[in-house]
Every structure is written in C-alpha cells, then in structure tokens.
1. Restricting attention to region B:152-170, report how many residues are more than 10 Å from chain A (Cβ to nearest Cβ), in contact with a helix residue (DSSP H, G or I) (Cβ under 6 Å, 6 or more places away or on another chain) and open to solvent by less than 20 Å² (accessible area, probe 1.4 Å).
2. Would you confirm whether any residue within region B:218-226 is more than 30 Å from B:A81 (Cβ to Cβ), in contact (Cβ under 8 Å) with a residue 12 or more places away in the chain and more than 10 Å from every other protein chain (Cβ to nearest Cβ)?
3. Output yes when any residue across region B:183-201 is touching a Phe, Trp or Tyr at 6+ places or on another chain (Cβ under 6 Å), under 20 Å from B:V11 (Cα atoms) and in a loop (DSSP other than H, G, I, E, B), and no when none is.
4. Which condition number in (1) without any contact (Cβ under 8 Å) to a residue 60 or more places away in the chain; (2) within 14 Å of chain A (Cβ to nearest Cβ); (3) farther than 27 Å from B:P177 by Cβ is the one that B:G263 fails?
5. Count, please, the residues in region B:48-76 that happen to be small (G, A, S) and either touching a Pro at 6+ places or on another chain (Cβ under 6 Å) or within 11 Å of chain A (Cβ to nearest Cβ) (or both).
6. May I ask you to list the residues in region B:66-107 that are within 30 Å of B:L271 (Cα to Cα) and either open to solvent by 50 Å² or more (accessible area, probe 1.4 Å) or charged (D, E, K, R) (or both)?
7. Would region B:232-239 turn up any residue that is more than 28 Å from B:D109 (Cβ to Cβ) and charged (D, E, K, R)?
8. Are any residues in region B:63-103 among the acidic types (D, E) and either under 18 Å from B:L45 (Cα atoms) or outside any helix (DSSP H, G or I) (or both), and if so, which ones?
Amino acid sequence: MTERAQPARKLTALEWRLYIIAVLATIYVISWRVLDRPAATIAETGEPAPSPAEPVSVAAEPIPTPAPPVPAPAQPAATAPPRAVWLDDLPAGQRPVVVAPPGWTITTRDGASQRTASQRIVSQQPASQLSAPPPRPIRVLRAPRLRTRSS
Amino acid sequence: MWTFRAMNTDVTVAAPLLDEADEHAFTLATVDLFWTVERKFSRFLPQSELSRINGACSSIQVSAEMIELLHACAGHVQATAGLFDPTIGGALAAAGYDRTFFPGALDRDHVLPAPPLVRFGDLRIDEAARIVRRPPELLLDFGGFLKGRTVDRAAASAPSPSLIDAGGDAMLRGSGPDGSGWLVDVEDPAHPERVVVTLRVCDRAIATSAPNRRRWRIGATIAHHLIDPRTGRPSTSDLAQVTVLAPTAEQADVFAKTVLLLGARDGRRFLAERADLGAVLVDHDGRHDIVGAVEVVDA
C-alpha cells in the first residue's frame, strides 16, 4: 500500500531565526579560531620609551660587537612562548638586523646594568657627525618678514 | 620660503617671485653650501680642518680656502683695531662655550680660570706655502663671521628679490616681495616677543649682536658668547643689542659685534666714520637709537 507524500513542513519564524543564529555563530567561532594567532611584539618592561627629542651626542665610534649570547628565558611547559622580547635578550644569532635611517647610528648605552644595556637608535646633533647627510629644508607657509636675532 | 638647520642655527631662504620648484632648488643649493662650509670650518666637528689646526702641535698646511678665510679675518682685525678677533676660541672655551650650545648645555658650577690673552697677530700664516702655526693657547673660532660670509656666498647666486637669513645674519636682495622693501622687525633683547622698531631694507645685509640668546651659568655668574678680545672675558658693554646694516652680511656681523663691544659712545663714533653702515643700538633700559642710513617704518 502506498502512502501519499507528506507536504514539506514549513519552518516557523522562530525556527528560521534560530537557524540563522546558529549559522552566524558557527562562522564566528571558525573565524575566531583562525584569526587569533599570537603576534611577535616587543614586550613592555616598564622602562620608559626613548625620546626622539632627547639630545644625545654620539661620538664617532665603531658599531659595538654584539653582546655574548643570552640564553633564552625558560618557558613554563604548559604556557605558550613569550609574545614579546627585547632584541638584546635574543641570542646573537637570532637577533634581527636593524637598519638605521640615513643620518642615524645604532649605539649602546654605557651598560651600567644588564637591564638598561639595550641597543637604541639615537639621533645625532648635526654638528657632531661629519658623515651625516645635509638637512632637508622644510617649507614655511608665511610671508617672508625678517625678525632680528643675535647670531 | 624654506628653512633648514645648519651651523647650529635656523637658516631661512625665500625667493618670493620664483615658483615653488625653483625656490626649492635654490634652497637645496644653499643647504649644500652651508653643509660644506660647516664640515670644513666648525670647531665642534673633530674632523674639520679648523679642528685639525686647533689640535696641531706644530706648523700645519691648510687649504687655499682656509688661507682665504684667514686673510679676510686679518682685514677685519685691522679695520676694527682688534675688536674682531677669531683667535678667541680658547677664551670662549674657558668661558664655558666648549661644546655646541643649547640651553642648559654649558651650565656648570665652578668658575674657570681666565685664559692667557692671545691675539690674531700671534698666529703665524705663510700664505704662499699655506702653512699656519699657532701658539698652544690660541684656538681659532670663526663664529658668526662665518655665517655671514656663507650667507654672502649663497646670495651671490641668488635671484632678486631674495632673503637668506642664517641665525640673524641676513642678506636681503632686491626690494622685497612687493617691491616696497623687506620689512625687518628689530627684536627687543629683554622681551623677545616685542619689537623695538621695524625697518625697511633694500639690497642690504643685516646682522645683530646681543648676549641674550647664548647665555649660560658658571657658578653664580652668567656668561655669554660675546668675548671682548681686550680682556678675554664676556663683554660688559652698556649696550644690550646692536643691529647693523651693511653691504655684506660678513661686514654686518663683524661690525655689529664691534659696535657692541665698543659701547654706545665709541660705537656711534665708529659708525659715523663709515657712511655705508646703519645701525639700531638698544641699551639695557630698552631705549633704542638709530644711527646712520636706516629707514624706519612708521608705527
């Protein structure tokens, strides 16, 4: 004996809403898992950031040799690797090359402590570096009118 | 108008009738000139030719450019009866100006001993062989004179009208952007936000000498960069500021310093002997006096 085909049951509005929410939730979870990857950043150790305006004179000295390799910090077995690290804390062989902008040089502080002996790029007073390029002029948008000043 | 930094000062270049690209090109040429001159003649650059001379223990051969500079200095030393003297480098260093100036950099607690007096005549110059020999206590420093001279060199190829201003030593070529002359505000040395008087300048150079901008503390006293060659110590003139107008920026700089060191009375006498000079003298009470060929803009 054959049975008459049952007509397709229509979804109610509530069921449609639940269906859409489930699809969106699935997409969200998948996206979150894909995009949430740890990024390599420099950790903040609480040391104040170097000020670009800090007047530091740089003697004409050769770029210092890298510090002896520092062992990588011990990682707890159950936690992920550190997300940020000072360049100086990396072993010499793993330290990335830092290219100084024209007219700048990379130098070290006086190394008074292990913590502060980090490489930094410092600006140079133009009068103290013969090999620095000439300054770039800046355009000034005002009527040229002179004001005297002692030279 | 363009500005850049050289010789530890702000340099401004303007050629108002040029288009932006041409004005920029002219500015770049001026930058190169200042940079080249500074590398050769700065006493703060250890590898400059001037530093080599100041560090030499015996005779040293110098460049033709250095001989030319020293020859120009000799002329100014004679014209000012020694009040202009580029051999004050040792006195400047002893007064505390032993490194590039910026506010606070030269402050120190102890008073430095007065240096032995040396004069330009103590410098031995063989112009033909280009050999210079100096006594150990003599240090050369060209200071503002070099700024003025470099401004003149840049202005030699400048269009008209144009303005080249290096830390106050300026050449104003032509009659300004609108043909009525360049306007120059003479700053009040005691109150830099105020203007003492406004001048109208055409085809002349201007320079100002005053101890207010480069001052530092030594113990309980205040020192400044205007060394009186007669004493080897910072000047104690009754003038607070002198602005001189002259045919060249080099002359304006030399004579501004000279008049300030001379003081009000002898400074006026000095200016009266030179018809091509004009000046604005400002005393410590803020009073000003116009001397010579100077056009003042009505307030």
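1. Within region B:152-170, residues that are more than 10 Å from chain A (Cβ to nearest Cβ), in contact with a helix residue (DSSP H, G or I) (Cβ under 6 Å, 6 or more places away or on another chain) and open to solvent by less than 20 Å² (accessible area, probe 1.4 Å) number 2.
2. First pass over region B:218-226, keeping only residues more than 30 Å from B:A81 (Cβ to Cβ): B:219-220.
Next cut, in contact (Cβ under 8 Å) with a residue 12 or more places away in the chain only: B:219.
The next check asks that each one be more than 10 Å from every other protein chain (Cβ to nearest Cβ); those that pass are B:219.
There is at least one residue in region B:218-226 that is more than 30 Å from B:A81 (Cβ to Cβ), in contact (Cβ under 8 Å) with a residue 12 or more places away in the chain and more than 10 Å from every other protein chain (Cβ to nearest Cβ).
3. Keep residues of region B:183-201 that are touching a Phe, Trp or Tyr at 6+ places or on another chain (Cβ under 6 Å), which gives B:201.
After this cut, where a residue has to be under 20 Å from B:V11 (Cα atoms) as well, the list is B:201.
Narrowing the set further to residues that are in a loop (DSSP other than H, G, I, E, B) leaves none.
Taking every residue of region B:183-201 in turn, none turns out to be touching a Phe, Trp or Tyr at 6+ places or on another chain (Cβ under 6 Å), under 20 Å from B:V11 (Cα atoms) and in a loop (DSSP other than H, G, I, E, B).
4. (2)
5. Of the residues in region B:48-76, the ones small (G, A, S) are B:48, B:51, B:55-56, B:58-59, B:63-64, B:72, B:74-75.
Checking the rest, the ones that are also either touching a Pro at 6+ places or on another chain (Cβ under 6 Å) or within 11 Å of chain A (Cβ to nearest Cβ) (or both) come to B:48, B:51.
Residues flagged as small (G, A, S) and either touching a Pro at 6+ places or on another chain (Cβ under 6 Å) or within 11 Å of chain A (Cβ to nearest Cβ) (or both) within region B:48-76 amount to 2.
6. Of everything in region B:66-107, those that are within 30 Å of B:L271 (Cα to Cα) and either open to solvent by 50 Å² or more (accessible area, probe 1.4 Å) or charged (D, E, K, R) (or both) turn out to be B:E68, B:H71, B:Q78, B:A81, B:D85.
7. So in region B:232-239, the residues more than 28 Å from B:D109 (Cβ to Cβ) come out as B:238-239.
Now restrict to residues that are charged (D, E, K, R): B:238.
Looking for residues that are more than 28 Å from B:D109 (Cβ to Cβ) and charged (D, E, K, R), one finds at least one in region B:232-239, hence yes.
8. Filtering region B:63-103 down to residues among the acidic types (D, E) leaves B:65, B:68, B:85, B:98.
Once the filter is applied, which keeps residues that are among the acidic types (D, E) and either under 18 Å from B:L45 (Cα atoms) or outside any helix (DSSP H, G or I) (or both), region B:63-103 yields B:E65, B:D85, B:D98.
The values are calculated or read from the model by the stated rules, or taken from the named source; none is laboratory data. Bear in mind the structure is a predicted one, so any value in this text is a computation, not a measurement. Glycine gets a Cβ as well: all are built from the backbone with ideal geometry, and neighbour counts include every protein chain shown. SASA here: full protein model, heavy atoms, side chains in, ligands and nucleic acids out. Shrake-Rupley method; radii C 1.70, N 1.55, O 1.52, S 1.80 Å.
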